[in-house]
Structures are given as structure tokens and as C-alpha cells.
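First the structure, in the form of C-alpha cells, and then the observations on it.
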Amino acid sequence: MSTIKILTGNYAVAWGVKLSRVKVIAAYPITPQTTIVEKIAEFVENGEMDAKYLMVESEHSAMAATIGASATGVRAFTATSSQGLLYMHEMVWWASAARLPIVMAVVMRALAPPWSIWNEHTDLMDQRDTGWLITLAENNQEVLDSIIMSYRISEHEDVLLPSIVGLDAFILSHTLEPVEIPGQDLIDEFLPPRPPKPFTLNPENPITHGGIVTPEYYMEFRYLIEKGMENARRLIVEVAKEYKNITGRWHGDLVDEYKCSDAKILIIVAGATAGTCKEAVDVLREKGFNVGVLRLRYIRPFPSSIVRERVSSVKSVVIIDRSYSFGGGGIIGADVASSIYGSNGGPLIHDYIAGLGGRDIGVREVERIVEETVRAMESGEKGIKTLWFDLKREVLE
Amino acid sequence: MVRSEKRGVRIMPLRVMDLDKEEYVLPGNPSCPGCPASLGLRMLGKVLGPKTVLVIPASCSSIIQGVYPKSSIKLPLLNIAFAAAASTAAGIAAGFEAQGKSDINVVVWAGDGGTVDIGVQAISGAAERGDNIIYVCYDNEAYMNTGIQRSGATPFGAWTTTTWTGKKRWKKDMPSIVVAHKVPYVATASIGYIMDFAEKLRKASKYKGFKYIHLLAPCPVGWRFPPNKTIHIGRLAVRTGLWPLYEVEQGVFKLSPICMPLLKKENRIPVIEYLKLQGRFKHLREEDVRRIQEEVDELWDNIRRKLEDARC
Amino acid sequence: MHKIPITPIMKPSEGSMGSTGTWRIVKPVVQHDKCTYCLQCWLHCPESAIVRVDEERKIIIDYNYCKGCGICSDVCPVKAIIMVEE
């Protein structure tokens, strides 16, 4: 039986974690994430959640403990924000390369100095290269639903990558909204116990994880993370549909579109600001502006092909970036620009991924790269393409 | 086997003959000849047995375990970032507990850098929380894996590649820092007295909560002595009084039996006999040696006082 | 060619660094007539390269892997292991 409660975004996270039957939580307090971990602590202490809660001494340890727990095969969770997220950054990388299906809530907050506890997305964007699936919610209902869907996607054997659910500081984290809490039986069916993958620490099978890998194989392990990301594009869509079937709710899949079909002006945005943009669209349309909103529900994997398709049918694009890469520009702006590159001319770009983990790049390799690109150009290839150079296909399944 | 009174755990002494014949550190691994870390880990496997999960942060043991796809360690092993060993182990222990698996030893095997320097925050957190893990620091008194740089565990006077004229500060007393967390079991050990280390591991495994063993691990490469002398140097460190072997069981300090005679100064070998065998100390002046000797004598005065106080 | 798993999982195996016996400069040789089978050499071998044969009260050095550190010889209380040049 589902019920409706008036919840803050942070409490919606806690409810999502409870419904997902998470077994180990490790977290350290930081404003504005604190009420997530307070609520979970309450659930655990009053016996509503059958879980172990480690109140660790730092975010670095929070992610480390979450990794440790996940490596034993249980479902694990943490939550953080801002400075805390940056402090755990080293371990964020560790979790994804270990392919552990952890879910983390990130309450997106500005970075210091100067001290600011208020909202922006830079802390989250700093994780965009780490190999985590990254989704940003528009409202508190989506927060709860995304936590549950994230476990389902992350634990799928074709994905096996951790997920971040981002929610805007205060705008969602501390704002009350009505949230429908699905019945536990419904979620138990949707989210069965976690399969023991990709490995578990088990005395019956004494494996070593994460020791030294020479240049012979390192690059292929990195490529497999990218494969997981690619597979996630499909799973995100499938899981969103399935979730809609059982709950009736649809928040979008990789993207969430609002009045895009006839739009001549497209607003591209992520997170809670999208709600504001949708209201603005209604006002603007009354004024005669043909505007639509393309909300990026996921920024990793980046919905490149959808962005390219939507952008190609409009006359102008507005991107609202709540983050910045100093010396580079707006972060979503750069991703959007690279997605649409080549759709109206420009030279062929081959983006070679080469030399990871110490694999040699010699003069002969550079020659081959150039020759390959010239051949592609001569055969009429256009746009931008990412190529993994000299990948050992024979060692991949 | 565990007795809750203040006297602590009593177990039958272990005999060499009874040790597990199974090897958990497999031969043909990349450790240097005479490596104390390899030997210590080998003993750890024999004592704690197959129901043991290891967590290893960046250290020489990241190398000793071999190169993908082969591992020289026959225990489940999770490699983890330098600062994260104790907290990762805490998470593993919590994961097992959540699944009702109570018979698995979760053990951190970390070097001195990963323990007394970069790892200290996570250790302090796990110790304060009482996470159910055994933390073993194998202390080779410098960052050996990266090329013999000074650590907080490097002793006074020692040459390293970042202290060319000898370290000017004293070795950090990590076991005492852990004792201050009021954990059930803390012990010091030396690779020179490996059966004593074995007993302490066994005892640590009988307690629930955070257990800490600090194992002195003389490194032939970094300390500049021939590889056949690892055990000999490890024994001299103890018999000169530089590295006292003791346990703090539920808050009660106990000098290990091997060290009882050392309470009398005349039974302690002068520190020069230890220092002169190691290239890392060859630049020491007479006054440096005297300072080290004075420091050792003072340390033992303190140990005697501590034992007398306990008796009162 | 070896197929890689999804994440770097390594399996326990002897000789993860190959036949490390080739590193040896000096070689321990057991003089069995002197050996009392006290197992101090086995106990202190950092390489797990000494095999116990309890039934025969005999130790065997695995020269395929022994790196020749000489600890066994140094700790032998009856000097039953001598180190000889390779």
C-alpha cells in the first residue's frame, strides 16, 4: 500500500534507502545533507530498518566503508555534499573501478572559500569523470524514486557501476513536498536482493581485488567501465518504464522533455531549476516565445544523441549551468557543444583514447592514428568520434 | 576461551610443530629477499587461517601480492587507497555482520606510512567506534615501497632518502595512541620473535572490537643490512630495549615474557650493537648514540614505573 | 589469450613473479645429518620456499622459488644449512 507523506528531499532520500532494504550505511555529517543521515539513523535505531549504520569520522572513510561493505555483497549507501564530496573524491574513483553498485545521494552545494552552504552543481560536476552514473532530480518524489531505480540499474550485470542521485541544496533538500511512498511489497518485487556481483569477499573463494595491473591489461579494464556506461543508457530507459508500470510515475529516462516537440528555443537544464524553467516556459509561450525544456535527467552517461536530435530542430539553445570549469566554461555547455559537433559542418574530429595505464604511444602509433583519420576523412566521415586506440579485443568477452 | 576479567585471555601456547602447514603467501612472489612483510603476512595466514579477509592499503604488500592476473595471497584480499584501510575494513566487518557472518577475521595489513601517517584518522575512527577488526601495522620505519622516505615511524638518527643527515625527530608512539582509545587489545611484536607475534595474533582474534598489533619489521633494503639478518636485527631491536614487547589487554599493561629480564639495565644489550649493523645509522656520532641510549633507558624507567603502579 | 573479468580480480597462484629462484646469488644447502627438524628454518622462511615433510622429519628447499636470502641458515641453531655460491 502506498501512502502520501509531506517530506523534504532529504527525508525522501532516507525513505528511498529504507525501501531499497540497504544493509550498510556509512556517513559523516555535512550541511545540508545532515537530515538524510539523521533520518536513517532514526530508522535503524527504532528498528524500522534492519541495517548497520557506521558513523564514520570523515567522508573519505564514509566511501571507504561503503566500498568495504559493498564488497561483502550487501547493498550499501552513503550521502554527502560539497566539501565532503571532494574530500571523498579519491574513494569515489575506487568504487566505480571496483564496479561496486553503491548508491550515494549528493546534496549539491557550493564550494569554499568563501563558505557557502547554498546551492550550485560544481561539487557534483567534479565527479563527472569518475565512472559513476549521475542523475539529478527535479523534485522530492523523483528523489525517492531515483534512489530505488538507481540500485536496480547499478546492480544490473551489464552495468555494475555506482550511482549518484543529486538533489539541490535547500531547494529540494529542505523543502517540503507531498511524496508518494510506494508499498514495501511493490519495491521488494521491483528490487530483489542484490546479486553477488561483480565479486564478493568470501573465504570459500580467496580472490585478490585491485592489485597491480601492467600496461598489458589496464586499458581494457578502463574500456569495460565505458561499456558499463554505454549499457546503462539502455537500462536507464528500461528501468524507468518498468517503474512506471508498477507506480504509474514517469520522471523521464535519460532526459525529461517539456513542450519540446514544437519548440524553436530549447532550454537545457538539470536539477530542480528545471521545474522553474517549465513554469517560465508556460509564461513565455503566452508571450509568443516557442520555448521547450530539455531536462538532462542524467549527465553521466550524457544523453548525447537525444541532445543532438533535439538541438538540430531548434533555432537557439539556452543552457542553464549551475557550475563552471575555470578556464574552460560552463560544464553542461561544453558537453552539449561536443554532442552537437559536426551536425552542421566542421572538420572531422577523431578523439583517440590511447596510452591509458602506461601503454606506449610511440611515433609509429601517432603515424597510424593520423593515417587512420585521413582515411576516414577521405571516405567522407564527418563529425566527432571517440576511438579506443589499439584496444585488445581478444581479451574482452 | 575468552575470560572477561581484567587478566585477559589465557590460551595454551602455540608450538612451531602445530602451525598450519598451509601456505597463504605463495612462493615465487615479488618480495625482496629477506622481506619481513612477506614473513609476517605468512605467519598471519597460518595463525588466523582461511576464514580471514585482508585489506591492504598502498604499501610494499601491494607489490608482494603479485601482478595481475596472478596473486601470491591465498586469502580474500581487497586492495584500497592509502588512507582508507581501517575504514574499509570497518565496512567489511559491518557487511559481514549484516549478513550474520560472525566467524570471519577482518584484518588490515598495513605499513607504517599507511598507519602512523596517512592512515591515522581512519584508525582513530575505527578504534573509537570499536569496529570489529584486527589492525596489523608492519613497521619497516620508512616509506620503503616508494624508495625509503622518512615516515612518522622512522627512528631518531636514521638515514632515509628524505633525511640525508639522519632524522631529527623521534619515532611516533603509535601503539600508545591506539591504547588511548580504550580498545580491548593492543600489542607490540617483532619479526625477530615470530612465535610471540603468532600468540598475539591468536589472542587478538579472541576479542571482539578493535585490536591493534604493531609489528617491527626490519627491512634489509631500507635499513641497509644483509638479507639473512632480518631475524637477528629484529631480535636485537628487542634485546637492546629499543622495541619493548608488551600487550595492553583491556587497559592492563603487560610486559611480554621475553622482555622481563630487560627491566634490569645490565640485561639490555647496548644500543650501539643494534645500530652498528645497519647502514642507515652509520653516520651517527657518539653523542647521537648516547642520546638514543638515554632515551631507551628512560623508556624502561617508565615501563618499570608503569608495572609498579599496576601492582599498587 | 586470457579473457579479462569486468574488474581486476587476481587468482592465487605460485610464481606470480615467475621462478624467483633465478634471483639467487647464494644457495642454502641442508646437511640432513646435522638437521634436528626443529623447523626454525621453515618458520622463518619469508618465501614459503621450505617444505615440511613431517613423516620423514625432513625439510626440502624449493629451489625454483628460494631467493637465497639466507635467513634459514642464519636462524638454524645447529648450523645444518650452509650457504654456497651459485
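Quick rundown of the values:
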{"read-out": "15 Å beta-carbon shell around B:D117, net charge (K/R +1, D/E -1)", "value": "+1"}
{"read-out": "Of every Cα-Cα pair in the stretch A:3-247, the percent that sits beyond 28 Å", "value": "26 percent"}
{"read-out": "When the stretch A:349-395 is reduced to its Cα atoms, the Kirkwood hydrodynamic radius in Å", "value": "11.6 Å"}
{"read-out": "Cross-link partners of A:K287 among lysines (Cα-Cα below 22 Å; sequence separation of 8 or more within a chain)", "value": "A:K259, A:K264, A:K278, A:K315"}
{"read-out": "Hull volume in cubic angstrom per residue (convex hull over the Cα atoms of the stretch B:1-156)", "value": "158 Å³"}
{"read-out": "Given B:K167/B:K208; A:K39/A:K197; B:K171/B:K208; B:K206/C:K3; A:K244/A:K385; A:K197/B:K182, the pairs whose alpha carbons are separated by over 32 Å", "value": "B:K167/B:K208; B:K206/C:K3; A:K244/A:K385; A:K197/B:K182"}
{"read-out": "Cut-off 11 Å, label 7 Å out along Cα→Cβ of A:N202, residues of the stretch A:63-94 by amide N", "value": "A:73"}
{"read-out": "Per residue convex hull volume, Cα atoms of the protein assembly as shown, in Å³", "value": "197 Å³"}
{"read-out": "Hydrodynamic radius (Kirkwood) for the stretch B:16-311, which is based on Cα pairs only, to one decimal in Å", "value": "19.3 Å"}
{"read-out": "Positive-end residue, chain B charge dipole about Cα centroid, Cβ charges, pick of B:V107, B:L255, B:P155", "value": "B:L255"}
{"read-out": "Out-of-range pairs (alpha-carbon distance over 20 Å; input B:K51/B:K254; B:K21/C:K79; B:K203/B:K306; C:K34/C:K67; B:K229/C:K79)", "value": "B:K51/B:K254; B:K21/C:K79; B:K203/B:K306; C:K34/C:K67"}
{"read-out": "Contour minus Cα-Cα distance for A:W115 and A:A41 (0.36 nm per residue)", "value": "23.9 nm"}
{"read-out": "Trypsin sites (Lys or Arg not before Pro), loop per DSSP, at most 14 other Cβ atoms within 10 Å - longest free stretch of chain C", "value": "C:4-33"}
{"read-out": "Radius of gyration and maximum dimension Dmax of the stretch A:258-365, Cα, Å", "value": "17.4, 61"}
{"read-out": "Over the stretch A:150-297: Rg over Rh, Cα atoms, Kirkwood Rh", "value": "1.08"}
{"read-out": "Fraction of alpha-carbon pairs over 22 Å apart in the stretch C:6-86 - percent", "value": "27 percent"}
{"read-out": "Under 16 Å from B:K265, Cα to Cα: aspartates and glutamates that are on another chain or at least 8 residues apart", "value": "B:E273, B:E294, B:E295, B:D297, B:E298, B:D301"}
{"read-out": "Candidate aspartates and glutamates for bridging to A:K52, where Cα separation is under 15 Å - those fewer than 8 sequence places away on the same chain excluded", "value": "A:E38, A:E42, B:E97, B:D131"}
{"read-out": "Pairs beyond 26 Å (Cα-Cα), from B:K211/C:K58; B:K168/B:K276; A:K392/B:K70", "value": "B:K211/C:K58"}
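Coordinate-derived values only; no laboratory data. Bear in mind the structure is a predicted one, so any value in this text is a computation, not a measurement. Cβ sites come from the backbone with ideal geometry, for glycine too, and all protein chains shown count toward neighbours.
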